[in-house]
1. Name every residue in segment 122-145 that is assigned to a loop (DSSP other than H, G, I, E, B), within 15 Å of the ligand (Cβ to nearest atom) and surrounded by fewer than 20 Cβ atoms within 10 Å (Cβ to Cβ), in order of residue number.
2. Given the residues 211, 125, which is the only one that is closer than 21 Å to residue 339 by Cβ and in contact with a Ser or Thr (Cβ under 6 Å, 6 or more places away or on another chain)?
3. Which of the residues belonging to segment 33-56 are touching a helix residue (DSSP H, G or I) at 6+ places or on another chain (Cβ under 6 Å) and closer than 15 Å to residue 156 by Cα?
4. Looking at (1) in contact (Cβ under 8 Å) with a residue 24 or more places away in the chain; (2) among the β-branched types (Val, Ile, Thr); (3) more than 13 Å from the ligand (Cβ to nearest atom), can you tell me which one residue 117 breaks?
5. Residue by residue through segment 93-121, note down the ones that are polar (S, T, N, Q) and buried (at least 24 other Cβ atoms within 10 Å of the Cβ).
6. If you check residue 220 against the conditions, is it crowded, with 16+ Cβ neighbours inside 10 Å and touching a helix residue (DSSP H, G or I) at 6+ places or on another chain (Cβ under 8 Å)?
7. Could you check how many residues of segment 311-321 are aliphatic (A, V, I, L, M) and buried (at least 23 other Cβ atoms within 10 Å of the Cβ)?
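The values are calculated or read from the model by the stated rules, or taken from the named source; none is laboratory data. Being a predicted model, the structure only gives us computed values, none of them experimental. Every residue, glycine as well, gets a Cβ built from its backbone with ideal geometry; the counts of neighbours run over all protein chains shown. Accessible surface areas use protein heavy atoms only, side chains included; no ligands, DNA or RNA. Shrake-Rupley method; radii C 1.70, N 1.55, O 1.52, S 1.80 Å.
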Amino acid sequence: MKTVILGAACLTLCTALFITSANAATATRGSFGALADGTRIEAVTLTNGAGMSARIMTLGATLQSLTVADRNGRREDVTLGYDKPQDYLTRPNYFGVSVGRFANRIAKGKFALDGKTYALVTNDGPNSLHGGAKGFDKRVWKIESISNGSDAKVIMSYVSADGEEGFPGELKVTVTYALNEKNELRLDYRATTSKPTVVNLTNHAYFNLSGNAARDVMGNLVTLHAERFTPVDATLIPTGERRPVAGTPFDFRKATAVGTRIRDARDQQIRYGRGYDHNFIVDGAPGNLRTAAVVEEPVSGRVMEVRVTAPGIQFYTGNFMDGTFFGKNQRSYRQGDAICLEPGTFPDAPNRADFPTARLNPGQTYVNSMVFAFRTK
Ligand code: GLA
């Protein structure tokens with residue numbers, strides 16, 4: 001009898017525990033206003049039991065905010081962005097957006113596939129940047145599903161027509177954002193195509209771990225697990241070299257403050273990038289999630305670890321932000337106010353047979369996964 005009662009009590013308790021933990025992370029769908037032309041934008045907020053939350057809006061499948069506790073439990077937004085969706089179109093800076101069809105640059109906006117040359121819009125000097133004039137960041141994505149549980153999830157999709165922005169093949173794209181109880185936000189980009197094409201999908205979050213962009217990132221300690229990086233020309237197209245970071249301002253193999261070498265004008269790469277705006281070759285085998293970067297903000301104690309499956313990661317320090325536009329909380333954003341870590345293949349891969357391929361064939365599924373994991377120190 002005792003055993004039965006104990007058993008029943010345990011069953012009730014265990015079920016309660018299971019339900020509590022299983023339902024701790026929630027996804028909530030709501031309106032996020034409208035664009036100037038009246039198009040309605042929605043947002044999904046993922047929240048875990050620890051109070052970390054991520055808001056993803058349908059315009060550009062964009063990470064619009066990410067609220068994370070500091071070492072004293074104070075929850076603040078650690079990404080740059082705008083309050084209103086229209087600002088993402090009027091003053092585009094790619095804040096938190098999903099970038100495609102090809103993130104980063106393609107030289108002269110041209111590439112060849114199976115003997116045919118394709119011409120893209122050039123929107124960055126002589127080059128094509130982040131998918132062209134109207135990339136995936138400026139499209140309204142569809143919410144496929146939301147779910148609660150041990151992690152809270154949203155899946156958004158976008159179908160890019162054959163020929164859109166000059167790229168061949170109809171591309172069906174999804175992104176899954178999932179927030180778990182370990183304060184890890186995971187993104188999985190997937191795509192399939194109707195014809196051979198080139199793909200490089202990533203997220204372009206601008207991180208400022210001080211919270212609400214209180215301070216610049218020059219004192220952030222950055223570790224990059226990269227023995228080499230890909231130097232660029234004056235238009236930020238890789239030269240093809242894979243240069244060892246040892247002995248250069250690009251050596252972040254040990255945690256180093258961003259500001260320590262960012263003004264070292266003796267290095268031509270620093271001059272070309274106006275600071276850091278370079279692809280680092282992530283150590284280890286692509287396809288496996290491995291730690292690419294760790295960022296520590298000493299004042300708030302927030303630490304972010306970035307794990308990626310991609311072969312490369314673009315490290316960019318917001319060098320083009322000039323203080324002329326205003327983001328969330330009425331903050332003006334200036335050079336060096338954020339760290340972007342954009343996992344993907346190497347820039348201009350479609351024109352470089354020796355770089356990890358950007359080619360996607362019908363029947364294959366493109367996958368790019370990344371985890372942004374937070375803790376405090
Ligand atoms: C990427 C590029 C930068 C810049 C930003 C967006 O990080 O490498 O040069 O264009 O996107 O402003």
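1. Matches in segment 122-145: 122, 123, 125, 126, 133.
2. Sole residue among the options that is closer than 21 Å to residue 339 by Cβ and in contact with a Ser or Thr (Cβ under 6 Å, 6 or more places away or on another chain): 211.
3. The answer is 41, and nothing else.
4. (1)
5. 98, 104
6. For residue 220, the condition - crowded, with 16+ Cβ neighbours inside 10 Å and touching a helix residue (DSSP H, G or I) at 6+ places or on another chain (Cβ under 8 Å) - is met.
7. Looking only at that region, the number is 1.
Conditions tested, residue by residue: (1) open to solvent by 60 Å² or more (accessible area, probe 1.4 Å); (2) under 16 Å from residue 370 (Cα atoms); (3) among the aromatic types (Phe, Trp, Tyr); (4) part of a loop (DSSP other than H, G, I, E, B).
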| position | (1), (2), (3), (4) |
| --- | --- |
| 272 | yes, no, yes, no |
| 293 | no, yes, no, no |
| 300 | no, no, no, yes |
| 304 | no, yes, no, no |
| 323 | no, no, no, no |
| 340 | no, yes, no, no |
| 347 | no, no, no, yes |
